[in-house]
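Student: Sharing a structure below in structure tokens format, with a few things to ask.
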Amino acid sequence: MIDTNLIELIKSENAEVCLDEPMTQHTSFRIGGNADCFCEVKSVEALRKIILLCKQYHVDYFILGLGSNLLVSDDGIRGLVIKLGGEFNEITSLEDNMVRCGAGATLAGLCVYARKMSLGGLEFAWGIPGSAGGAVYMNAGAYGGEIKDVVVSSRYMDKDGNIYLCNGLEHDFSYRHSFYSDKDYIILDAVFRLVPKDQEEINDRMQELMNRRRTKQPTNHPSAGSIFKRPEGYYAAALIEECGLKGCTIGGAQVSPKHSGFIVNEGGATAADVKALIRHIQKEVYEQKGVELCCEVKFIG
């Protein structure tokens with residue numbers, strides 16, 4: 001249990017607080033136990049104060065984006081889950097066709113804003129679930145584009161509340177990786193450099209890619225997107241299908257019959273079901289193809 005004094009101090013920072021919050025409501029998988037404490041912070045300064053309070057009270061915290069790439073344990077999350085709201089959702093225009101976007105804003109919202117401003121370069125991201133901060137963290141990409149192609153800079157906070165700037169090549173972007181990978185830093189916002197483009201042309205490309213997603217991906221079932229990273233020289237979905245695993249089910253978790261790279265929650269799936277199915281896929285693909293599949297989804301709790 002979290003100290004009631006800490007809870008009151010968090011509330012004093014204009015943060016909305018919920019106890020025993022079901023993580024099923026905050027992940028695209030619709031899977032996971034309860035978080036001991038869940039709060040939404042509205043400003044950078046409030047975030048700084050809250051993480052310092054967590055340090056003072058020896059309470060672990062986890063920064064939650066839109067929960068689109070997470071598998072939360074059936075036992076939930078101990079400590080505090082922090083969702084970025086308020087100013088973290090703001091998107092503003094800068095000079096030279098650049099846009100600043102808070103880490104808590106949706107990637108979809110950023111794409112819509114760019115289209116409204118007749119700025120191209122983010123069309124590839126239309127339909128990728130998740131937050132702008134999460135997209136920078138994992139260098140999200142699709143259809144030949146990646147976040148690394150458009151990011152100029154980002155700001156982040158360390159566990160002591162200090163704020164730093166990360167510029168250009170310092171992001172160390174590679175496939176589903178960035179400078180932030182496996183670090184305790186909190187991305188606050190990012191600046192993207194885009195290019196002037198006809199609004200109708202942007203819209204046509206966005207709709208084209210969305211139609212391709214709907215045709216090929218199981219958008220009608222809860223999932224966490226692609227479960228596995230692309231192994232060098234292969235496609236994970238093709239390997240899984242070739243191993244006869246398309247449609248394979250454990251509990252409420254199923255390898256999507258529509259796209260073998262996805263595991264979907266058919267209803268009532270547990271984190272244990274998903275993990276067991278992941279292990280089964282990895283075992284079969286390795287035994288049959290000699291290829292080791294690495295997870296793209298993050299395990300929390």
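Student: Considering only DSSP beta bridges whose two residues both sit in the chain, what percent are antiparallel, to the nearest 5?
Tutor: 75
Student: Let me ask you something else. Apply the Karplus curve 6.51 cos²θ - 1.76 cosθ + 1.60, θ = phi - 60°, to the phi angles in the stretch 28-38 and return the couplings in whole Hz, x for Gly and Pro.
Tutor: 5, 6, 6, 10, x, x, 8, 8, 3, 8, 10
Student: If one puts a single equal scatterer on every Cα of the chain and applies the Debye formula without solvent, what log₁₀ I(q)/I(0) results at q = 0.16 Å⁻¹?
Tutor: Each listed q maps to, in turn, -1.34.
Student: I would also like to ask the following. Which of GLY109, TYR175, TYR57 sits farthest toward the positive end of the charge dipole of the chain, with +1 on the Cβ of Lys and Arg and -1 on the Cβ of Asp and Glu?
Tutor: Selected residue: TYR175.
Student: A follow-up question, please. Among VAL264, PRO222, ILE278, whose Cα lies farthest out toward the positive end of the dipole of the stretch 218-300, if unit charges sit on the beta carbon of Lys, Arg (+1) and Asp, Glu (-1)?
Tutor: Result: PRO222, furthest along the dipole toward the positive end.
Student: Within the set LYS148/LYS298; LYS83/LYS159; LYS42/LYS148; LYS11/LYS159; LYS148/LYS216; LYS246/LYS275, which residue pairs have Cα atoms separated by over 23 Å?
Tutor: Result: LYS42/LYS148; LYS148/LYS216 exceed 23 Å.
Student: Still on this structure, I have one more. If you average over every viewing direction, what projected area does the convex hull of the Cα atoms of the stretch 90-204 give, in nm²?
Tutor: Over all viewing directions, the stretch 90-204 projects a mean Cα-hull area of 6.7 nm².
Student: Would you compute the Debye intensity of the stretch 127-171 from its alpha-carbon atoms alone, equal scatterers and no solvent, and pass along log10 I(q)/I(0) at q = 0.14, 0.15 Å⁻¹ to two decimals?
Tutor: -0.38, -0.43
Student: Here is a follow-up. Sorting PHE38, PHE62 on the 10 Å Cβ count, fewest up front, what's the list?
Tutor: Starting with the residue having the fewest Cβ neighbours, the order is PHE62, PHE38.
Student: Please work out the C-alpha center-to-center distance from the stretch 77-148 to the stretch 159-225 and express it in whole Å.
Tutor: Answer, in whole Å: 6.
Student: What is the local net charge at LYS42, summed over the other residues whose Cβ is closer than 15 Å to its Cβ (Lys, Arg +1; Asp, Glu -1)?
Tutor: Details: positive: LYS11, ARG48, LYS49, LYS83; negative: GLU13, GLU16, GLU40, GLU45, GLU87, GLU90, ASP189.
Cβ neighbours under 15 Å give a net charge of -3.
Student: Quick one, can you get me the convex hull of the C-alpha atoms of the stretch 13-147 expressed as volume per residue in Å³?
Tutor: Spread over its residues, the Cα hull of the stretch 13-147 gives 115 Å³ apiece.
Student: Can I ask one more? Averaging sequence separations of C-alpha pairs under 8 Å and six or more residues apart, then dividing by the length of the chain, give the relative contact order as a whole percent. Don't skip to the answer; put the middle values down first.
Tutor: On the way: 647 pairs, mean separation 51.0, N = 301.
Worked out over the chain, it gives 17 percent.
Student: Something else about it: Taking R0 as 41 Å, what's the FRET efficiency between TYR57 and SER93 from their Cβ-Cβ distance, rounded to 0.05?
Tutor: On the way: r = 40 Å, r/R0 = 0.97.
The computed FRET efficiency comes out at 0.55.
Student: Using 0.36 nm times the number of residues separating LYS246 and ARG213, minus their current alpha carbon distance, what extension gain do you get?
Tutor: Values: separation 33, 0.36 × 33 = 11.88 nm, distance 1.83 nm.
Fully extending the segment from LYS246 to ARG213 adds 10.1 nm.
Student: Nothing charged except the Cβ atoms of Lys and Arg (+1) and of Asp and Glu (-1): what's the magnitude of the dipole of the chain about its Cα centre? Round to the nearest 20 debye.
Tutor: That gives a dipole near 520 debye.
Student: Let me ask another. Assigning unit charges at the beta carbon (Lys, Arg +1; Asp, Glu -1) and nothing else, what dipole magnitude in debye, to the nearest 20, does the stretch 8-158 show about its Cα centre?
Tutor: Computed about the Cα centre, the dipole is about 200 debye.
Here, each number is a calculation from the coordinates, and none is a lab measurement. In this text the structure is predicted, and so the values were computed from the model without any measurement. Please note: Cβ atoms are built from the backbone with ideal geometry, for glycine as well, and neighbour counts cover all protein chains shown.
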